[in-house]
Amino acid sequence: MAGELNERRIVATSKAQDLVFAVLGIIVLFFAMAMLATLVADLLIDGLSRIDMQFLTDFPSRRPSQAGILSAWVGTTLVMFVTALLAIPLGVGAGLYLEEYAPKNWLSDLIEINVSNLAGVPSIIYGLLALGFFVYGLGMGQTVLVGGMVLALLILPIVVVATREAVRAVPSGLRESAYGLGCNRWQVVWSYVLPSARPGILTGAIVGLSRAIGETAPIITIGALTFIAFLPPSPIQASPPFLNFDWLNSPFTVMPIQMFNWTSRPQAGFHENAAATGVLLLGMTLVMNGFAIFLRYHLRKGLRS
Amino acid sequence: MSELKRASTFLSDNSGDPTMTQASTSETPAAIRADVRDLKFWYGKFQALNGVSMPIHDRKVTAIIGPSGCGKSTLLRCFNRIHDLYPGVRYEGEINLAPEHINLVAKGIDPILVRLLVGMVFQKPNPFPKSIFENVAAGLYVRGIRNKSEVEGRVEEALRQAAIWNEVKDRLNKPAFELSGGQQQRLCIARALAPKPKLLLLDEPTSALDPIATAKIEELMDSLVKDVTILIVTHNLAQAARISKYTAFMHMGNLVEFGETEQLFTNPAVTQTQDYVTGRFG
């Protein structure tokens, strides 16, 4: 009888322990979510009313009510395009090489540690590197291309690490059976490893891009302008060859810089503008993450194992 | 025949009495598909195979049995050099594959060549995340066979050989993951058969399957062996007894006894084999 009672007591203790942890967890979660919600709500209250077509289609102005973010969101879009085009192929290629091709020795260990460390380097350091090397060293100027390059450098480690993790998660059985058929390394990587790793790689790439879209420090460091009243040349033109790459060499601004600039102005109207820009930036990030989730879901449907 | 006898001598520290049954000599001389000679294998510093020698008879099922960790899967995986995917492995000795007498484990032989010659089916059914058709055609594409009608013909032939054609012929373009576990494993067998391998390796192919699926695969092996040489690793002694013509019993990286299955199960020459097949150890 005593034994049975003792066991009941153990059950009661376990339940109490679970309850304590659950309550603790809810409190912590509440704090984190409340902070975030306050931040977003504050932005929305200040900025939401300011978002209209005029705001999206006008250039910055000295008068807050006439100012818009046309040059900023176009700049952000172009820079992100360059960043994605550079960071994803380079990062995925490097990750695949390190995971599938590189011999496992002290050198690859050293590279691995360094790549992981690079992910933690403050973004302004990348800005200084780009300023010294791209802007002055190579004389490339403060252009869309340089902006894209510095952000690509910044998120490269994120993409590399995500690729390696996604590749590592590919079941060894899939690899063995592909090799067992007589595939060479490239065939295994291209036809079997990469498709299975694609959801993970994409997630990593978009997490990286979401970080890049909000980066201000490296872009300011390379000297991007804060007041731009023109658009880069259009990438598409009516006459052959239809594609125009002059926009790569155009000066630019991006949304975080525009925001930063407006918050430092005394007029309350500019603060509203900054909040509105923040809302749009949050929206863009949200859309990108939503797209990542959609892609992951869509790609995983074919990969059930 | 002397070669046969030599290949079947014991490598354990038990008596060195040759146990190759006389029965095989009375039949028409069985051709040898592959001849393993003094094969040693290391994972890093750990020696997993201590000099294994045995023949693999052409168009017969040869089973490898033994307790967990005895090296039976390690031996099987030497035949298509899957070990080479992992660092720090080393082979010594020979696996001579007829008719060209290629030593599969020689340093100068590219593992890809070996895998083009020798097909393998793994323990867990592992179809590719592609359609049924593409799974079977994968090995053909790797070998540069792209002619549509030839690929289609050989896919059908392989699926028929693997006794799954009737179940999948109406849904060749459906994902392979829609099949049941047993069907997936037969699909993997078809995938391995499509390129017409010189030797088919099966690594415990039924251990993840239910008894009905297992029975289907055993039945299938019976019909396959008319055309293909099969080397199978199995945990299941009854399965080895049912399906194989020859059996190798391994223990601690040594080949303890090799012989005709019937002989090995009913009248083993080594006490250790007898203890294992009668369930006294292992």
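Computed from the coordinates by the stated procedures, all read-outs in this text should not be read as laboratory data. Quick caveat: nothing in here was measured; it's all calculated off a predicted structure. Glycine also receives a Cβ, built like all others from the backbone with ideal geometry; neighbour counts cover every protein chain displayed.
Here are some notes:
- Of all DSSP beta bridges in the protein assembly as shown, antiparallel share, percent nearest 5: 65
- Multiplying the residue separation of A:Tyr101 and A:Asn184 by 0.36 nm and removing their Cα-Cα distance gives an extension gain of 28.7 nm.
- Between helix A:268-301 and chain A: long-axis angle, C-alpha atoms, 0 to 90°, nearest 10: 40
- Spacing of the two label points (7 Å from each Cα toward its C-beta) at A:Thr285 and A:Phe81, in nm: 2.4
- Neighbour-count ranking [beta-carbon atoms within 10 angstrom, fewest first] of A:Glu272, A:Glu112, B:Glu150: B:Glu150, A:Glu112, A:Glu272
- Cβ neighbours within 10 Å from other chains - mean over B:119-129: 5
- Per principal axis, descending, Cα span of the protein assembly as shown in whole Å: 106, 84, 51
- Average beta-carbon neighbours from other chains, 10 Å sphere, peptide B:139-145: 3
- The helix-based estimate of mean residue ellipticity at 222 nm for chain A, built from -39,500 (n - 2.57) per DSSP H run of four or more residues and divided by its residue count, is -22500 deg cm²/dmol to the nearest 500.
- The order of A:Leu280, A:Leu138, going from fewest to most other C-beta atoms within 10 Å of their C-beta, is A:Leu138, A:Leu280.
- Over chain A, relative contact order from alpha-carbon pairs under 8 Å, at least 6 apart, %: 25
- All lysines inside 28 Å of B:Lys174 as judged from Cα atoms, apart from same-chain residues fewer than 8 positions distant: A:Lys301, B:Lys124, B:Lys130, B:Lys148, B:Lys196, B:Lys216
- Karplus-derived HN-Hα couplings along segment A:35-48 (A = 6.51, B = -1.76, C = 1.60, θ = phi - 60°), whole Hz, x at Gly and Pro: 4, 4, 4, 4, 4, 5, 4, 4, 4, 5, 4, 6, x, 4
- Listed by chain and number, the aspartates and glutamates whose alpha-carbon sits under 14 Å from that of B:Lys45, ignoring those within fewer than 8 places in the same chain, are B:Glu92.
- Ordering of B:172-184, A:144-156 by packing [mean C-beta count within 10 Å, highest first]: A:144-156, B:172-184
- Over chain B, relative contact order from alpha-carbon pairs under 8 Å, at least 6 apart, %: 27
- FRET efficiency, B:Leu113 to A:Leu90 (Cβ-Cβ, R0 41 Å, nearest 0.05): 0.75
- Database remark: amide H of A:Ser61 closer than 5 angstrom to the amide H of A:Ala67, A:Gly68 (H placed geometrically; neighbours at sequence offset of 5 or more, or on other chains; Pro and chain starts carry no H).
- Above 25 Å, the calculated P(r) of segment B:2-277 contains 45 percent of its Cα-Cα pairs.
- Peptides A:192-198, B:87-93 ordered by packing proxy, namely the average of other Cβ atoms within 10 Å per residue, highest first: A:192-198, B:87-93.
- Summed residue charge, Cβ within 15 Å of A:Val189's Cβ, Lys/Arg positive, Asp/Glu negative: +2
- Relative to the longest principal axis of the Cα atoms of chain B, the long axis of helix B:181-193 makes an angle of roughly 80 degrees.
- Neighbouring Cβ atoms from other chains, within 10 Å of the Cβ of residues in A:181-193, number 5 on average.
- Taking Cβ atoms as reference points and 9 Å as the exclusive limit, the residues near B:Lys60 contribute a net charge of +2, counting Lys and Arg as +1 and Asp and Glu as -1.
- Rounded to the nearest 10 degrees, the inclination of helix B:132-142 to the longest alpha-carbon principal axis of chain B is 70 degrees.
- With the simple model of a label 7 Å out from the Cα in the direction of the Cβ, A:Ala41 to A:Ile26 spans 1.9 nm.
- With the convex hull drawn around the C-alpha atoms of chain A, the volume per residue stands at 236 Å³.
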